[in-house]
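Engineer: Pasting in a structure now, in structure tokens, and then I'll have a few things to ask.
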Amino acid sequence: MNFERQNVQAMSGYVSGEQPDQADVIKLNTNENPYPASPTVATALAAIKVESLRRYPPPTALPLRLALAKLHGIEADNIIITNGGDELLRLLLATFVEASETIGTAAPSYSLYDVLADAHGCKLKKFPLQQDWLLNPDLADQLNQENIKLCFVVNPNAPSGVLNAVAQIENLLGRYKGLLVLDEAYVNFVDPEQQYDCVALVRKYPNLIILRTFSKGYSLAGLRMAYGIGSATLINPMQYKTKDSYNTDLIAQTLALAAIADQAYASNTWQLVRQERAMLTNALLAMGISCPPSQSNFLLAQIPAPLNAEQVYLGLKKAGILVRYFKVDGLADRLRITVGTPEENRKLLIALQPLLG
Ligand SMILES: *Cc1c(COP(=O)(O)O)cnc(C)c1O
């Protein structure tokens, strides 16, 4: 007897990057920040009294929403705090998408979108990015033509790291009739010279939801905290109807607040990652490995024939270095490599050398 819904029976689950137990493995496979969170987070954690956990936490994490509103120059009503970005993505489907409707993504993108669509029971259609990994300028027309209710766009894109400018996003928003979910999981690593900030667009476009997370930029992937930004009309039904009543816990709310309070520390880690991103891009290129221009904390390395990306992945693994290999169309000759500390990146380059023959 199988009690699962038919779509759940038929689906396969999300495959996460390997999370090894050994401490000596160099982990460049799941895009975590290579630096720890600010010391203010450690102080805040030490100050938490078990007694304070007797009560329920603020149900909508209002203190954190107020602090984020100030940080972004918006209102607390424009923000929902979620248990990781993944919860926000699930809420978006639960709140805005009928199972009979079709959603979309500019692909390749985040493989979790497929899993969420399968679990929800709706269809996900993929709209290819251009050769240069940028959005197709006609994406809005394509989406409207196919009646796509909601579309996920990752910017900077994962797995390529390529960034679309604000004008390109605005061009899409202005013409697309459905709901645009702009997944900005990696936005903290964008070079300030790019002047990329889409937050102000939520005032102008009632069909925009932006995803932000503490997992990457604030070095808190283990905490499971993220937030959505959008017009109150989009935020309210998730905030007051579909989310769990106490979806984020008191410890997580407290630590997230401490993390954003120390912007100077976090932005210094972003700067260090950008420096190493440039170093690694050049060093790989000197070895004959090219990567699209990344504004993220990872590189999508193209392993030139006759070398085989899977073999290189396995060779690195043997050397104690994990990177991500996706055995799917369009990515089978690539490795996604998270930018690590200078020491980790140096070891990566040393381990790569003999594998390239
Ligand atoms: C990491 C990531 C997220 C969110 O991750 P959480 O840890 O659940 O906050 C969302 N989208 C993409 C593309 C990501 O890589």
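Engineer: Is it possible to state the helix-based mean residue ellipticity at 222 nm for the chain, with each DSSP H run of 4+ residues giving -39500 (n - 2.57), the sum divided by total residues, to the nearest 500 deg cm²/dmol? What is it?
Structural biologist: It comes out at -11000 deg cm²/dmol, rounded to the nearest 500.
Engineer: Per residue, what volume in Å³ does the Cα convex hull of region 100-209 take up?
Structural biologist: 97
Engineer: Could you please state, rounded to a whole Å, how far the C-alpha centre of region 202-225 is from the C-alpha centre of region 94-124?
Structural biologist: Here the answer is 19 Å between Cα centres.
Engineer: Now for a different question. Using every pair of alpha-carbon atoms in region 149-224, split the distances into 10 Å bins beginning at 0 and state the percent of pairs per bin, rounded to integers.
Structural biologist: 18, 52, 26, 4
Engineer: Compute the FRET efficiency between Ser100 and Arg346 as 1/(1 + (r/R0)^6), taking r as their Cβ-Cβ distance and R0 = 45 Å, and round to the nearest 0.05.
Structural biologist: Efficiency, rounded to the nearest 0.05: 0.25.
Engineer: Using 7 Å Cα-to-Cβ label points, what is the Leu356/Asn144 separation (nm, one decimal)?
Structural biologist: So the label points at Leu356 and Asn144 sit 4.7 nm apart.
Engineer: Counting only other residues whose beta carbon sits under 12 Å from that of Pro58, what net charge do I get with K and R as +1, D and E as -1?
Structural biologist: Combined, the nearby Lys, Arg, Asp and Glu give +1.
Engineer: Cut-off under 13 Å on the C-alpha distance; same-chain residues fewer than 8 positions from Lys123 excluded. Which aspartates and glutamates are left, in chain and number order?
Structural biologist: Lys123 reaches Glu98, Glu101, Asp114, Glu146.
Engineer: While we're on this one: Can you list the equivalent-ellipsoid semi-axes of region 44-83, largest first and in whole Å, using the square root of 5 times each Cα gyration tensor eigenvalue?
Structural biologist: After scaling each eigenvalue by five and taking roots: 24, 12, 7 Å.
Engineer: Rounded to two decimals, what is Rg over Rh for region 9-68 when you use alpha-carbon atoms and the Kirkwood radius?
Structural biologist: We get a ratio of 1.10 for region 9-68.
Engineer: Another question about this same structure. For the chain, count all C-alpha to C-alpha pairs, find those more than 33 Å apart, and express that count as a whole percent of the total.
Structural biologist: That fraction is 30 percent.
Engineer: State the percentage of accessible surface on region 152-277 attributable to carbon and sulfur atoms; use a 1.4 Å probe and exclude ligands, DNA and RNA.
Structural biologist: The computed percentage sits at 51.
Engineer: Turning to a different aspect of this structure: For Lys125 and Lys49, calculate 0.36 nm times their separation in residues minus their Cα-Cα distance, and state this gained length in nm to one decimal.
Structural biologist: 22.6 nm
Engineer: Let me ask something else. In this model, which of Lys149/Lys241; Lys126/Lys317; Lys49/Lys241; Lys204/Lys243 are farther than 23 Å apart at the alpha-carbon?
Structural biologist: Those over the limit are Lys126/Lys317; Lys49/Lys241; Lys204/Lys243.
Engineer: Between Asn236 and Ala167, what length in nm is gained on full extension when 0.36 nm per residue of separation is reduced by their alpha carbon distance?
Structural biologist: 22.1 nm
Engineer: Rounded to a whole number, what is D in µm²/s for region 269-314 from Stokes-Einstein with the Kirkwood radius over alpha-carbon pairs (4 °C, 1.567 mPa s)?
Structural biologist: 114
Engineer: Here's something else I'd like to know. Using only the alpha-carbon atoms, what does region 55-134 span along each of its principal axes? Please give whole angstrom values in decreasing order.
Structural biologist: 44, 31, 17
Engineer: State the antiparallel share, in %, of DSSP beta bridges confined to the chain, rounding to the nearest 5.
Structural biologist: Beta bridges within the chain, antiparallel portion: roughly 45 percent.
Engineer: Then there is this: With N set to the residue count of region 219-316, report its C-alpha Rg divided by 2.2 N^0.38 Å to two decimal places.
Structural biologist: In units of the globular-protein estimate, region 219-316 measures up at 1.59.
Engineer: Here is a further query. So what are the ³J(HN,Hα) numbers for region 10-23, from phi and the Karplus equation (6.51, -1.76, 1.60; θ = phi - 60°), rounded to whole Hz, Gly and Pro as x?
Structural biologist: 7, 8, 10, x, 5, 9, 7, x, 4, 10, x, 7, 5, 6
Engineer: Tell me, what is a quarter of the convex hull surface for the C-alpha atoms of region 30-96, in nm² with one decimal?
Structural biologist: Averaged projected hull area, Cα only: 6.9 nm².
Engineer: So, one more: What translational diffusion coefficient, in µm²/s and rounded to a whole number, does the Stokes-Einstein relation yield for region 1-114 at 37 °C and a viscosity of 0.692 mPa s, taking the hydrodynamic radius as the Kirkwood radius over Cα pairs?
Structural biologist: D, rounded to a whole number, is 173 µm²/s.
The values are calculated or read from the model by the stated rules, or taken from the named source; none is laboratory data. None of these values were measured; they are calculated from a predicted model. Quick reminder, even Gly has a Cβ in these numbers, built from the backbone with ideal geometry, and neighbours come from all protein chains shown. SASA here: full protein model, heavy atoms, side chains in, ligands and nucleic acids out. Shrake-Rupley method; radii C 1.70, N 1.55, O 1.52, S 1.80 Å.
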